[in-house]
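Visitor: The structure follows.
Throughout, read-outs are computed from the coordinates displayed, never taken from laboratory work. The structure presented is a predicted model; accordingly, all values stated were derived computationally and were not measured. Glycine also receives a Cβ, built like all others from the backbone with ideal geometry; neighbour counts cover every protein chain displayed.
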Amino acid sequence: MEMNLFIGFVTLVYLSSFVSPDAQGNALYSLRTSLGASTNQLTDWNPDIVNPCTWSKITCDTNNNVITVAISDMGFSGTLSPRIGILKTLNILQLQGNGITGEIPQEFGNLTSLTMLNLENNHLTGEIPSSLGSLKRLSFLILNENNLSGSIPESLSSLSNLSEIQLANNRLSGEIPPQLFSISSHNFTGNQLNCGINFSHPCASQEIVRTRRKSKTGMIVGIVVASLFILLLGYSLVFLLWRRRNRNEVFVDVAGEVDRRIEFGQLKRFSWRELQICTSNFDEKNVLGQGGFGKVYKGVLGDNTRVAVKRLTDYESPGGDTAFQREVEMISVAVHRNLLRLIGFCTTPTERLLVYPFMENLSVASRLRELKPGEPVLNWATRKQVALGTSRGLEYLHEHCNPKIIHRDVKAANVLLDEDFEAVVGDFGLAKLVDVRRTNVTTQVRGTMGHIAPEYLSTGKSSEKTDVFGYGVMLLELVTGQRAIDFSRLEYEDDVLLLDHVKKLQREKKLDEIVDPNLSRNYDIQEVEMMIQVALLCTQSSPEDRPKMSEVVRMLEGEGLTERWQLWQHVEITRMQEYDRLQRRFDWGENSIYNQDAIELSGGR
């Protein structure tokens, strides 16, 4: 019993020391905000990118734990965020040479792995927090050239690893703890400090000046040590990359290896038997959905974690294990709050399966068109949130992943909703996954009719702009609640395609007829108009005319839409005038050799 309690305590301590990438990113973005960073500073510190290890000025270890934050000499004038105190793995924090104001937060004492804290040459006020005495690993404490006041905390005397303390040119007063004089490099000049009864000379005497010269030597040593550390880290990264590129492991379904993990991406490898059990032998009652890539089953793992298991189809060809693993790894490192996280995978000679977290509120499509009695309708505020979250997820795939990832089947059915109704893009990268054994990935068009861009349909070649087209159609699904193709409209009009139907109503200024009647007029018509405008810009016939997803994000946030929409209207009016001219010039009777439907289908989609 006592042993179990001890193991439980150790486990609790271990888990409490781990900070998720999401929490790390939130804390660092809070620091960026509190420092008053301008729009041109730390531009890649994106709060929607869960893993901050891709951000500039940040260094992480191999487990994606932040270990260095170095943002010196950037002209910040804000304050220090206390939320930075959650970074329990942080080794080095360098913020010197800015104009930072306010106090040093007591929460800095929670940075238990810190070895260097450099806040030199700022405008910090208040007292030195006594909590810094908890930083038992601290070697360098550099607080010169600030406006710090009060006494030096006695708690600093307990820092046995401290090799340099620089407190010069502040407004400190009181007695210097005598233990601090034993530190090999110390500087207390430029303050109103008392050296104490053990020293007969003033604190600004030659003894202190001599230690200042020592401090320069200490800084040089520190720089050399830091350089060696960076070189060692670089060699380690090169070795890991070499190892990744040159390993020839092929995963097979071997019993007893269910806990084996891929080094890159930290994916769990499940056994076939484990997934059989969790889905009740892939019982049809557990099917959550079915698409071009296979069926998705609801499952419960042995630890009661609910998951969604996607059983991929189209894998009759053997020998694709290594290529499959490589592509899975690529997808696994695409970490963003608006992208579905991959938990793990399973391979056998004939099967490929992917394991994802279970999404509590299923897909946007199901919430729009498959509501069960008593389930609430997606309100307009949630639809706007879904539009923005989806655009941010796609922007990350297109513009922040290397190599970029093209979804190739963007639609409401592939946008999932978590417990907070936050949009989570699923199935990204699967088009590439199922094509890894082919030499030419353009041999088969994958997607859903009504969502497929015209150039992809005609040539089989996809790009990020094909995703933009699909996203535009998905926006129309959000506004109207309708499917991209609806043959029931044939009964009273010719617009089978939702895009054509919306464009017609938009030209006729009948916006209220466009909006999903389930909203019961609980929406802002101006916001509806804005979303339709973004959708029509995204679904232009020429891929070159469509915006990038980063531009879509900005337009949804209210920046740049007006100018772009005016340009689109001019082009669209010209196109329609040319179309009318052709109508008058040619005979479009029943016996005409010209195909009017073909002309319509080649227009803006």
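Visitor: Between Ser541 and Glu399, take the C-beta separation as r, use R0 = 30 Å, and let me know the FRET efficiency to the nearest 0.05. Walk me through the intermediate numbers first.
Guide: On the way: r = 23 Å, r/R0 = 0.77.
Computed FRET efficiency for Ser541 and Glu399 comes out at 0.80.
Visitor: Okay, next question. Taking H placed 1.01 Å from N in the peptide plane, check which residues at least 5 places from Leu339 or on another chain put their amide H under 5 Å from its amide H.
Guide: Close amide H contacts, sequence-distant or interchain: Val425.
Visitor: Now a separate question. Could you compute the net charge surrounding Gly426? Neighbours are other residues with a C-beta less than 12 Å from the C-beta of Gly426; K and R count +1, D and E count -1. Show your work: numbers first, answer last.
Guide: On the way: positive: Lys310, Arg341, Lys411; negative: Asp409, Asp418, Asp427.
Spelling it out: positives minus negatives among the neighbours equals 0.
Visitor: Residues with amide H under 5 Å of Ile485's amide H, sequence separation 5 or more or different chain, H placed in the peptide plane at 1.01 Å from N; which?
Guide: The answer is Leu498.
Visitor: Can you work out the FRET efficiency for the pair Glu107 and Lys509, with r the C-beta to C-beta distance and R0 = 51 Å, to the nearest 0.05? List each step's numbers first, then the result.
Guide: Values: r = 56 Å, r/R0 = 1.09.
Once the sixth-power term is evaluated, E becomes 0.35.
Visitor: Karplus couplings for segment 187-194 from phi (6.51 cos²θ - 1.76 cosθ + 1.60, θ = phi - 60°), rounded to Hz, Gly and Pro as x?
Guide: Going residue by residue, I get 8, 10, 5, x, 10, 9, 9, 9 Hz, with x marking Gly and Pro.
Visitor: How large is ³J(HN,Hα), in whole Hz, for each residue of segment 506-515 in order, when computed from phi with the Karplus curve 6.51 cos²θ - 1.76 cosθ + 1.60 and θ = phi - 60°, using x for Gly and Pro?
Guide: 3J(HN,Hα) across segment 506-515, in whole Hz: 5, 5, 7, 6, 10, 4, 5, 6, 7, 6.
Visitor: Could you pull out every one of the lysines with an alpha carbon less than 30 Å from that of Lys88, ignoring same-chain neighbours closer than 8 positions?
Guide: Answer for Lys88, where 30 Å is the Cα cut-off: Lys57, Lys136, Lys216, Lys268, listed by chain and number.
Visitor: A follow-up question, please. Could you work out the local net charge near Gly97, counting Lys and Arg as +1, Asp and Glu as -1, over the other residues with Cβ closer than 12 Å to its Cβ? Provide the component values of the computation, followed by the final result.
Guide: On the way: positive: none; negative: Asp73, Glu120, Glu145.
Taking every Cβ under 12 Å from that of Gly97, the sum is -3.
Visitor: Apply the Karplus parameterisation 6.51 cos²θ - 1.76 cosθ + 1.60, with θ equal to phi minus 60°, to every residue of segment 454-466 and state each ³J(HN,Hα) to the nearest whole Hz, in sequence, with x for glycine and proline.
Guide: So the J values, rounded to whole Hz, are x, 5, 6, 5, 8, 10, x, 9, 10, 8, 4, 6, 5.
Visitor: Residues with amide H under 5 Å of Lys295's amide H, sequence separation 5 or more or different chain, H placed in the peptide plane at 1.01 Å from N; which?
Guide: Residues meeting the criterion, in which the H sits 1.01 Å from N, are Arg311.
Visitor: With 29 Å as the limit, write out which pairs from Lys285/Lys404; Lys411/Lys504; Lys285/Lys503; Lys509/Lys548 have Cα-Cα distances beyond it, or answer none. Mind showing how you got there, number by number?
Guide: Numbers: Lys285/Lys404 36 Å; Lys411/Lys504 21 Å; Lys285/Lys503 40 Å; Lys509/Lys548 27 Å.
Table pairs above 29 Å Cα-Cα are Lys285/Lys404; Lys285/Lys503.
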